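The values are calculated or read from the model by the stated rules, or taken from the named source; none is laboratory data. No experiment lies behind these values; they were computed from the predicted model shown. Positions of Cβ are backbone-derived with ideal geometry, glycine not excepted, and every protein chain shown enters the neighbour counts.
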Amino acid sequence: MFDNLSEKLQRVFKNLRGEGKLSAENMESALREIRMALLEADVNFKVVKQLIENIKQKALGEEVLTSLSPSQQVVKIVHEELIKILGSHESKLRFANEPPSVFLIVGLQGSGKTTSTGKLARWLAKNGHRPMVVSVDVYRPAAREQLKIVAREVGQPIYEGASGETQPLDLARSARRESNNTGRDVLLVDTAGRLHIDEELMVELQQLKEQLNPVEILFVADAMTGQDAVKSADEFHKRLGITGVILTKMDGDARGGAALSIRHVTGQPLKFVGIGERLDALEPFHPDRAASRILGMGDILSLIEKASEQIDQKKAVEMQRKLLDNDFTLADFRDQLRQLRKLGPLQGLLGMMPKVGMLKELKDVKVDEKEINRVVAIIDSMTPKERQNHMIINGSRRRRIARGSGTSVQDVNQLLKQYAEARKMMKMVSGGLKGNLGRRMGKMKLPPGFPFGDMPGPLG
């Protein structure tokens with residue numbers, strides 16, 4: 001997410017730091033590079049123009065040019081202007097005074113409306129609501145069946161329609177009545193889409209809007225389509241009056257042009273982003289966190305939120321004790337990997353880390369999810385005694401473990417070697433935490449500013 005743009009902007013700021021002192025000339029050069037980076041990231045040209053004008057006006061001011069750390073002042077300005085473009089603050093969902101609150105989910109065919117409906121239902125249920133979903137797409141083959149499958153996977157009820165109900169308006173009205181009768185406080189209406197915007201589609205959506213009086217009309221757009229997504233959102237807004245946007249496939253969009261453009265062009269906020277195929281891969285959009293990621297500062301707050309939701313705190317405390325006592329077994333190692341997998345794709349987690357100091361190299365790290373599955377399979381193929389004491393795993397045991405896990409003896413050997421090395425490191429760290437490491441580290445020469453010495457942060 002935003003990888004290409006982030007890399008180019010960090011290069012610009014690095015060049016500015018190398019100047020020592022800012023001038024109108026080198027600032028103009030930097031602004032040209034920022035403009036090109038934004039355009040290459042597929043950001044709408046009107047958005048780029050506005051953003052550059054705002055940055056220029058502030059960056060060429062007396063306060064910045066005479067600052068002791070002018071390059072950091074520029075980063076601060078860019079950070080602030082990106083937040084403004086993205087929406088200033090998180091835009092929360094609205095709810096009706098009298099339930100059920102109706103959310104109309106609209107968009108073009110193939111944008112991910114049905115999956116997003118299920119993801120949003122799951123998110124609402126997790127946050128204290130009682131949602132119900134209904135599909136009023138009576139045209140696309142198996143569209144309603146698809147939502148039924150998604151609803152079952154997220155564990156939320158669906159209104160399937162009574163016998164003879166084949167019209168969108170009838171289905172929607174009946175679903176609202178069913179929601180009210182069963183104590184459901186939110187009704188998510190998955191509407192029909194088209195390959196392109198046409199009059200028939202818009203008339204149907206306008207009729208649904210009039211009948212249901214939705215508190216939210218959420219436009220679902222595919223981030224990978226870039227400015228086409230922005231253009232479609234704008235057209236839907238002009239005809240229908242959308243209240244927000246769900247941008248799907250953000251994990252696959254290295255440019256980020258749609259995310260940076262959609263609010264400025266439509267005037268409506270980006271409310272959620274889809275960051276993967278898993279049904280829990282939907283997150284509220286935070287403009288300040290997105291701006292930080294674009295500037296290479298990471299998104300530690302989202303990482304902490306993920307961890308607090310998914311990681312068992314009791315297990316975490318127990319694991320801390322085991323690490324300090326150097327009592328970390330192969331079974332513990334496997335359990336840690338399983339806990340980590342709950343946080344989502346590991347490549348996405350690395351993307352949340354700040355690209356500063358020692359963490360800069362993380363952008364080049366490629367996580368092989370299959371390798372993690374292989375490690376778990378190897379440990380699962382061991383006996384409880386073998387997991388408890390890796391020293392008893394001789395040649396014949398290694399061959400048996402390899403056969404049981406569908407791997408090779410070399411794979412088993414590699415895992416055991418890595419585990420043994422990790423235990424040595426843990427022993428040193430645990431010993432240090434109990435008194436020795438502090439003295440050792442006192443003698444170490446750390447790089448200047450470690451670990452945040454080169455951070456292009458918003459603070460001077």
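Give me a count of the residues in region 373-384 that are part of a helix (DSSP H, G or I), surrounded by fewer than 17 Cβ atoms within 10 Å (Cβ to Cβ) and at pLDDT 90 or above. Residues in region 373-384 being part of a helix (DSSP H, G or I), surrounded by fewer than 17 Cβ atoms within 10 Å (Cβ to Cβ) and at pLDDT 90 or above: 3 in total.
Within region 14-51, the set of residues being assigned to a helix (DSSP H, G or I) and either assigned by TED's automatic domain parsing to the domain that holds G276 or closer than 16 Å to A291 by Cβ (or both) comprises I34, A37, L38, V47, V48, Q50, L51. When we screen R130, R140 for residues that are in contact with an Asp or Glu (Cβ under 9 Å, 6 or more places away or on another chain) and either closer than 20 Å to Q211 by Cα or among the basic types (K, R) (or both), the only hit is R130. Only residues that are of a type outside the set (F, W, Y) and within 25 Å of T225 (Cβ to Cβ) were counted across region 107-132, and they come to 16. Quick one: would you say K84 is surrounded by fewer than 17 Cβ atoms within 10 Å (Cβ to Cβ), under 21 Å from the mean Cα position of the chain (by Cα), at pLDDT 80 or above and within 24 Å of A24 (Cβ to Cβ)? Criteria met by K84.
Which members of region 30-45 meet the condition of being surrounded by fewer than 17 Cβ atoms within 10 Å (Cβ to Cβ), within 22 Å of M250 (Cα to Cα) and not hydrophobic (A, V, I, L, M, F, W, C)? Residue satisfying the conditions is E40 alone. Given the criteria surrounded by fewer than 17 Cβ atoms within 10 Å (Cβ to Cβ), at pLDDT 90 or above and outside the structural domain of A258 (by TED's automatic domain parsing), does R11 qualify? Judged against the criteria, R11 is not a match.
Looking at region 262-339, the helices (runs of 4 or more DSSP H) lying wholly inside it that each contain 2 or more residues that are at pLDDT below 75 and not assigned by TED's automatic domain parsing to the domain that holds G110 sit at 300-310, 313-324. Contact annotation: residue pairs with Cβ atoms under 8 Å, 6 or more positions apart or on different chains, pairing a residue in region 77-95 that is among the basic types (K, R) with a partner that is buried (at least 16 other Cβ atoms within 10 Å of the Cβ) and not in a helix (DSSP H, G or I), are K92/K271; K92/P284; R94/S101; R94/V215; R94/E216; R94/T243. Restricted to region 385-460, the set of helices (runs of 4 or more DSSP H) holding at least 1 residues that are in contact with a Gly (Cβ under 8 Å, 6 or more places away or on another chain) and modelled with pLDDT under 90 comprises 409-433, 436-443.
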